[in-house]
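The values are calculated or read from the model by the stated rules, or taken from the named source; none is laboratory data. Keep in mind that what you see is a predicted model, and the values were worked out from it rather than measured. Cβ coordinates were reconstructed from backbone atoms using ideal geometry, including for glycine residues, and neighbour counts include every protein chain displayed. Accessible surface is based on the protein model in full, side chains and every heavy atom, while ligands, DNA and RNA are left aside. Shrake-Rupley method; radii C 1.70, N 1.55, O 1.52, S 1.80 Å.
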Amino acid sequence: MQNYKIEKVKLSNGHVCNIPVGNDGFVPVEEMIKRFNSVVEKGHIRNRSKDYDREASVVLPIKLTAREAAVWWDSPNKYDIEYIDAPGKVQKNLKYIKDPESRKIHEKLDIICLPSEERDIRRIIDEAYPLEERQKLVKNGNVTVVVRPLEDSAGNIIGRKIELDRDYGKNNSTFVHEGIHLLRKDDESRSGITKTSMTSSNFNKTTEINNLNLEESCTVAEQMARGKNPSSGYYQFVQIFDENKKRWRYPTEKEALDMMRKDRAIFTNGTNKPLKGKAAIKSVNDNWSQSNISRLKIKGSKTRAIDEFSKHTKMNELKPKRSIFGFRRRSS
């Protein structure tokens, strides 16, 4: 942990701020994030995600001296700093990318993150999918990737914008998951369970949540097939049958983790090595109906994913292989 010198700044309201300063004379970014994360209002830590979405009338640049940062440091709820608690400009520094095909893809990737994070985020994207699938990711227009605080998830997708949580979302598994949502919609070569189930915006409330449940189930399945070290909180909503109580229930933490590990083995053909492209898609189509994640039933949904799918497609059309573990189904 680096020790910074502390500069005292007295404001016109009489408050004195003790602000860390680096050797370059500017407030270190990590110290601004630490300050943003620690602000308490009315006895509670402020909702960082909502703060980020509510842009203040004054947004300061990321590079600040202690004196320039003092008003924000004293009242982060009244002011914003770009990339810390408000969106900043798109980062698009691509001179280091020599491959022309890769360069074309990155020209369509609008990254909003700290300047120091841009290369890491672009590397995560490159490692998530082979070239052909990255081309499909941007074929229908630019994709925006935002690193920001999220309230209760590692990642999120809204239209063609992928959001990654600043603390938990900057990794292979999260980007693989969110990118799959786009590929399921835009990749016309897909078929079966690997094509999106979200085909209409005219669902009633129950139908919409049931289709979302199915969409997330299939996306997690492909995440298990593709991710380097995939992890998903959706397994806490996997339905398992309690033989003692003779009813379906949600799993314990250990049961959820065990189901996730078994699904990982199922979708990687027992190798635990990530699959790519057509191999990953084929594995999901072959194995989803037997996986644990197929029993996903997120809060608010009326049916498990596999039951929702059976309303639209006969299960025998999937022609699943026998699971290497002998499990019939699994949800996440």
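Apart from one condition, Pro230 fits all of (1) farther than 20 Å from Ile306 by Cα; (2) more than 17 Å from the chain's Cα centre (by Cα); (3) open to solvent by 10 Å² or more (accessible area, probe 1.4 Å); the exception is (2).
Within region 100-109, identify whether any single residue is of a type in the set (A, V, I, L, M), touching a residue at least 24 places away in the same chain (Cβ under 8 Å) and part of a loop (DSSP other than H, G, I, E, B), and answer yes or no. Taking every residue of region 100-109 in turn, none turns out to be of a type in the set (A, V, I, L, M), touching a residue at least 24 places away in the same chain (Cβ under 8 Å) and part of a loop (DSSP other than H, G, I, E, B). Within region 282-307, the set of residues being among the hydroxyl-bearing types (Ser, Thr, Tyr) and modelled with pLDDT of 95 or more comprises Ser283, Ser289, Ser291, Ser294. Among the residues that make up region 165-173, is at least one of them buried (at least 17 other Cβ atoms within 10 Å of the Cβ) and more than 21 Å from Tyr235 (Cα to Cα)? Yes, there is a match, as at least one residue in region 165-173 is buried (at least 17 other Cβ atoms within 10 Å of the Cβ) and more than 21 Å from Tyr235 (Cα to Cα). When only residues in region 233-256 that are touching a Ser or Thr at 6+ places or on another chain (Cβ under 9 Å) and open to solvent by 60 Å² or more (accessible area, probe 1.4 Å) count, which is farthest from Glu308 (Cα to Cα)? The residue in question is Gln236.
If you filter region 36-95 down to residues that are among the hydroxyl-bearing types (Ser, Thr, Tyr) and assigned to a loop (DSSP other than H, G, I, E, B), you find that the one that is surrounded by the fewest Cβ atoms within 10 Å (Cβ to Cβ) is Ser57.
Could you say which residue among Arg148, Arg134, Arg122 is out of contact with any Asp or Glu (no Cβ under 8 Å at 6 or more places or on another chain), modelled with pLDDT of 95 or more and either of a type outside the set (Val, Ile, Thr) or crowded, with 18+ Cβ neighbours inside 10 Å (or both)? So that I can check it myself, show each step before the final result.
Numbers: Arg148 fails: out of contact with any Asp or Glu (no Cβ under 8 Å at 6 or more places or on another chain); Arg134 fails: out of contact with any Asp or Glu (no Cβ under 8 Å at 6 or more places or on another chain).
Going through Arg148, Arg134, Arg122 in turn, just one is out of contact with any Asp or Glu (no Cβ under 8 Å at 6 or more places or on another chain), modelled with pLDDT of 95 or more and either of a type outside the set (Val, Ile, Thr) or crowded, with 18+ Cβ neighbours inside 10 Å (or both): Arg122.
Taking residues in region 253-265 that are farther than 12 Å from Ser231 by Cβ, and partners anywhere that are β-branched (Val, Ile, Thr), the pairs with Cβ atoms closer than 9 Å and at least 6 places apart or on different chains are Glu255/Val238; Glu255/Ile240; Met259/Val238; Met259/Ile240; Met259/Ile293; Ala265/Thr271; Ala265/Ile324. Kindly provide the set of residues from region 267-304 that are assigned to a loop (DSSP other than H, G, I, E, B) and in contact (Cβ under 8 Å) with a residue 60 or more places away in the chain, ordered by number. Those that are assigned to a loop (DSSP other than H, G, I, E, B) and in contact (Cβ under 8 Å) with a residue 60 or more places away in the chain: Lys276, Ser291, Lys297, Ile298, Lys299, Gly300, Ser301, Lys302, Thr303, Arg304.
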